[in-house]
Amino acid sequence: MKEWIAFLLPPATAFAGMRMGRLILGAKWEEQFGLGLRFTLGLAIGMLVFSQSVLLAALAGINASAVLAWGAFIWGVVEAGLLMPKLVTGLTQTRYRPGPLWLLLLVPVIYSWWVFGQLSTLEGTLEFDANAFWVFKAKIIYLEQGQNLLKVMHDTSLAYAHIDYPMLVPGLYALDYGAVGGVDEFVNKVWPFWMVVALSLGILSVGDVWRRPHPLAPLLVVLFCFLPGTLEFIRQEGGTMPLVFYASLPVLLIVVAILRSDVLAIAAASLALVGCATAKLEGVIYCAIWACALLPIIWRRGWLKEIVLWKAVLVGCLCLLPYTLYRFAHPITHPADNWWQEYLSAPAVMLHRLPRIWFLNIGCRLFDPDFFHWSADANGNLQWLGHWSGLGGLVNPELSVLPWLLLVLAVFTLWMKPGHSRLTVIYLCLVTIVFFTALAIVTTGYLSLQAREEVHNFGELMVGFSSSVVGRYFYPFIAACFLGLVAIWLVDRIPPPAPTPSNTAKKTGNAPNARRVASPNADDTRHR
């Protein structure tokens, strides 16, 4: 029975988060976003709020995991009960059309969800990093609070565990432990499983597949769910799948915001980006890059005057407060956190190594390791040792052909789409490239520090790290960029929602002789 409670906790959190989203973003929440996207946003907001509440309570000396978990569960059940009559009414009023048969493309995906859903409470912890870092920290904040937690945070023997990392994932696992009444490693996988399900529902909602059937959105969900990286990390613990979720969701919303000039979407994206920052340190970098990129758009479109955006930013800042307080307590840092000092001590050497790291990081995501096989000396000079074995050399074992699809789709969209769509492509690609560069800067400093302190050959470290370990750092952001590019085509084929009477009155200033706001089909109506 307790496994069922843990399995249903994420969707219950999503339904509770849907109510939070409505309170933050206002009544337009239901008008602007479909049910699938509201569920996805609800999960993002709910996970963010409840996980950070667990951390805040632990810092205050309170073990609130059980209270918060059961509170989220009961709240979610109530919200689902309130939503069910509306859902049933909508289904009964729906007339049969052959168009939704495109949804049959999702049959393999649903079957995979059935399999992974069962495995989510049957498998123990698989990933070493999860045991050493994420699950370990979840046990700490579940079992220790207040002064005891501070003592653990300052224990130098635990520096390997990245105690200073963002705490969203440990907070989620602690919620599970509170729901089942103790530490249970067999319930951690429910969160990555439901993140994949929710993100898939969000993609289908952006494509509006029920009212405007089209095969593109279902095919995108099939591709995403059967990527080698997705199949691997849906079964693993840790921060990779949360980062996929929190990197992809704001990208989808940013595409909607730019193409439809929708301030509500950019407000929702800001909340999702805060979740990205609380998932992993890479998420902090990604969030900062997007914040800098979006500021000119927000400024030019006058969205700084919108209250809903500032409400979302305020809530996001409040959600960052627990981790900020946690960092102010000075948790023990990992020895590799001093990587930046390498740039101060030997800037010329680091600038020599940086482009080689960047080249290897990107190339290892595009090609098969047998083809893209390199050796390097202590100075980082590269020599190719690979061999061409056919077209299979273009297929990466982690990402399959996704990077190549990304490149082709970016060029094709730039060529075919004008105006704001082209601007969106440029934003997506630039943000992704800047992030990859930032990741290469960190990686170069980290490997240089490791080579100097542990007397390793830098070239061997560089080749080995780029070809094997670093793949999971790229997968979330390549997937997010690809989903964003396809979302441009999904959003472009859907007309913007019609203005509501309240919005129309607001725009016309309620004046008796104000000019009527034309609907998208006004010209057609006059001609008829």
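Would you check if Ser65 is in contact (Cβ under 8 Å) with a residue 24 or more places away in the chain, over 27 Å from Ser248 (Cα atoms) and open to solvent by less than 10 Å² (accessible area, probe 1.4 Å)? Yes, satisfied. Selection of first residues in segment 404-419 that are closer than 14 Å to Ile433 by Cβ and of second residues that are open to solvent by less than 30 Å² (accessible area, probe 1.4 Å), restricted to Cβ pairs under 8 Å at least 6 apart or on distinct chains, gives the following pairs, ordered by first then second residue: Leu406/Ile478; Leu406/Cys481; Leu406/Phe482; Leu406/Leu485; Ala410/Val425; Ala410/Leu428; Ala410/Leu485. Counting only residues that are polar (S, T, N, Q) and open to solvent by less than 50 Å² (accessible area, probe 1.4 Å), segment 108-143 holds 4 of them.
For Ser389, the conditions (1) of a type in the set (Gly, Ala, Ser); (2) in a helix (DSSP H, G or I); (3) modelled with pLDDT under 90 all hold with the exception of (2). Elements of the type helices (runs of 4 or more DSSP H) sitting completely within segment 290-376 and holding at least 2 residues that are among the aromatic types (Phe, Trp, Tyr): these cover 307-328, 347-366. Within segment 301-318, residues that are at pLDDT 95 or above and open to solvent by 80 Å² or more (accessible area, probe 1.4 Å) reach no partner that is part of a helix (DSSP H, G or I) and not hydrophobic (A, V, I, L, M, F, W, C) with beta carbons closer than 6 Å at six or more positions or on different chains.
Residues checked against (1) touching a residue at least 60 places away in the same chain (Cβ under 8 Å); (2) in contact with a helix residue (DSSP H, G or I) (Cβ under 9 Å, 6 or more places away or on another chain); (3) surrounded by 24 or more Cβ atoms within 10 Å (Cβ to Cβ):
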| site | (1), (2), (3) |
| --- | --- |
| Ala16 | yes, yes, yes |
| Arg22 | no, yes, no |
| Trp29 | yes, yes, no |
| Leu41 | yes, yes, yes |
| Leu48 | yes, yes, yes |
| Gln52 | yes, yes, yes |
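Checking segment 463-470 against the condition returns a match, with at least one residue being crowded, with 17+ Cβ neighbours inside 10 Å, in contact with a Phe, Trp or Tyr (Cβ under 9 Å, 6 or more places away or on another chain), under 27 Å from Pro355 (Cα atoms) and modelled with pLDDT of 85 or more. Scanning segment 371-408 for residues that are under 35 Å from the mean Cα position of the chain (by Cα), open to solvent by less than 60 Å² (accessible area, probe 1.4 Å) and closer than 19 Å to Leu354 by Cα gives Phe372, Trp374, Ser375, Ala376, Gly380, Leu382.
Set side by side, the residues Ile426, Ile441 differ, and just one is out of contact with any helix residue (DSSP H, G or I) (no Cβ under 7 Å at 6 or more places or on another chain) and assigned to a helix (DSSP H, G or I), which is Ile426.
If the condition is being in contact with a strand residue (DSSP E or B) (Cβ under 9 Å, 6 or more places away or on another chain) and outside any helix (DSSP H, G or I), then segment 209-237 contributes Phe226, Leu227.
The values are calculated or read from the model by the stated rules, or taken from the named source; none is laboratory data. These numbers were taken from a predicted model, which means no experiment stands behind them. Every residue, glycine as well, gets a Cβ built from its backbone with ideal geometry; the counts of neighbours run over all protein chains shown. Side chains included, ligands, DNA and RNA excluded: accessible areas come from the protein's heavy atoms. Shrake-Rupley method; radii C 1.70, N 1.55, O 1.52, S 1.80 Å.
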